[in-house]
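For reference, the structure is listed below as structure tokens.
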Amino acid sequence: MAAEDQPDPDAPAGDADVSAQLFGKWDIGEIEYGDPSTERYINATPVAHTAGRHASKQFQKSQISIVERFINRLMQTEENTGKKQQTLNLVREAFDIIHERTEENPVQVLVSAVENAAPREETVRLKYGGISVPKAVDVAPQRRVDQSLKFIADGVQSNSFKTPTPAEEAIASQLIGAADYDVQTYAISQKEEKERVAAAAR
């Protein structure tokens, strides 16, 4: 691909090339967003490797493809650090499994899973004198997406590490479960628990 044909990593999320396809097969032009608060922080683009061009600014990571952010999150364990090509292949295979099971666009399933697993409330500790008191607070949209990706990646790790379940199968199961809001899925159960604790601290 010529340099002038490369997508601009600094372009806003809405400027993605709608004619392009992720992994050469998944259309990213008709992705629907169900949560207006996180829409600008979930960017569906055909780019799956930007070589860390977002690292210079705090909020620039939201301009990176949600698929790449998910891949990067899956690598954040001791065993998988730096294995981007291997993780990329696993996600590609997981997307094929998702399409076979749901007959839906896997990118849409990922977006729905991230939206569903994003917690809306969490607790912080406030100190009054010598006493720490939990207080419920709203979660910022970007942190909601970050937390959602963490929950999904942790679910994949717990389902596939030292178990007979292949990693690509675990990825597909977690994404499908979260997209369907299955409370048995790790990411959804973590979101529900975090919001339950926050509700008790209001």
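On a 0 to 90° scale, report how tilted helix 167-179 is relative to the longest principal axis of the chain, with both axes built from alpha carbons and the result rounded to the nearest 10.
60 degrees
Straight-line reach from LYS84: which lysines have a Cα under 25 Å away, not including same-chain ones fewer than 8 places off?
The qualifying lysines are LYS25, LYS57, LYS61, LYS150, LYS162.
So, with +1 on the Cβ of K and R and -1 on the Cβ of D and E, and no other charges, what is the size of the charge dipole of the range 88-202 about its Cα centre, to the nearest 20 debye? Each step should come with its number before you reach the end.
Numbers: 14 positive and 18 negative charges, 186 e Å.
Charge dipole, the range 88-202, about its Cα centre: 900 debye, nearest 20.
With a cut-off of at most 16 other beta carbons within 10 Å, and DSSP calling the residue loop, which chymotrypsin sites (Phe, Trp or Tyr not before Pro) in the range 141-202 qualify? Please list them.
In loop regions of the range 141-202 (DSSP not H, G, I, E or B), the sparsely surrounded chymotrypsin sites (Phe, Trp or Tyr not before Pro) are PHE161, TYR181.
Please find, in a Gaussian network model of the chain (springs between Cα atoms separated by less than 10 Å), the residue of GLN174, GLN86, GLN147 whose mean-square fluctuation is greatest.
GLN86
With the radius of gyration and the Kirkwood radius both derived from the Cα set of the range 33-147, what is their ratio Rg to Rh? Don't skip to the end; give the middle numbers.
Details: Rg = 16.9 Å, Rh = 16.1 Å.
Dividing the radius of gyration by the Kirkwood radius yields 1.05.
Residue by residue through the range 190-200, what is 3J(HN,Hα) from phi via Karplus (6.51 cos²θ - 1.76 cosθ + 1.60, θ = phi - 60°)? Round to whole Hz and write x for glycine and proline.
Each residue's phi maps through the Karplus curve to give 5, 4, 4, 5, 5, 6, 5, 5, 5, 4, 6 Hz.
Would you be so kind as to identify which of ILE42, LEU149, THR77 lies farthest towards the positive end of the dipole of the chain, taking Lys and Arg as +1 and Asp and Glu as -1 on Cβ and the Cα centre as origin?
Result: THR77.
GLU122's amide H: which non-local residues (gap 5+, or another chain) put their own amide H closer than 5 Å, with H modeled 1.01 Å from N in plane and none for Pro or chain starts?
Residues meeting the amide H criterion: VAL137, VAL139.
Sorted by accessible area (1.4 Å probe), largest first, how do THR81, THR102, THR38 line up?
Details: THR81 100, THR102 45, THR38 0 Å².
Reading off the accessible areas and sorting them downward yields THR81, THR102, THR38.
Can you compute 3J(HN,Hα) from phi for each residue in the range 151-159, using the Karplus curve 6.51 cos²θ - 1.76 cosθ + 1.60 with θ = phi - 60°, rounded to whole Hz and x for Gly and Pro?
Per-residue couplings from phi come out as 4, 5, 5, 5, x, 4, 4, 5, 7 Hz.
Let me know the charge dipole size of the chain about its Cα centre in debye, to the nearest 20, where only the beta-carbon of Lys, Arg (+1) and Asp, Glu (-1) is charged. Let's see the in-between values first.
Working: 23 positive and 32 negative charges, 261 e Å.
Using only the charged Cβ atoms, the result is roughly 1260 debye.
Who wins for biggest fluctuation among PRO36, PRO46, PRO119 in a Gaussian network model of the chain, springs between alpha carbons below 10 Å?
Its mean-square fluctuation being the largest, the pick is PRO36.
Just in the range 95-177: which GluC sites (Glu not before Pro) are loop by DSSP and have at most 12 other Cβ atoms within 10 Å? Could the numbers behind the result be given before it?
On the way: sites: GLU100, GLU103, GLU104, GLU115, GLU121, GLU122, GLU168, GLU169; in loops: GLU103, GLU104.
Answer in residue order: GLU103.
Mean 1/r over all different Cα pairs, inverted: what Kirkwood radius does the range 115-202 give, in Å? Show your work: numbers first, answer last.
Numbers: mean 1/r = 0.0719 Å⁻¹.
Hydrodynamic radius (Kirkwood, Cα pairs) of the range 115-202 is 13.9 Å.
Taking each pair of distinct Cα atoms in the chain once, what is the resulting Kirkwood hydrodynamic radius in Å?
Working: mean 1/r = 0.0564 Å⁻¹.
Taking every pair of different Cα atoms in the chain, averaging 1/r and inverting gives 17.7 Å.
The values are calculated or read from the model by the stated rules, or taken from the named source; none is laboratory data. Just so it is clear, the model here is predicted, and its values are computed rather than measured. Heads up, the Cβs are rebuilt from the backbone with ideal geometry, glycines too, and the neighbour counts pull from every protein chain shown. Accessible surface is based on the protein model in full, side chains and every heavy atom, while ligands, DNA and RNA are left aside. Shrake-Rupley method; radii C 1.70, N 1.55, O 1.52, S 1.80 Å.
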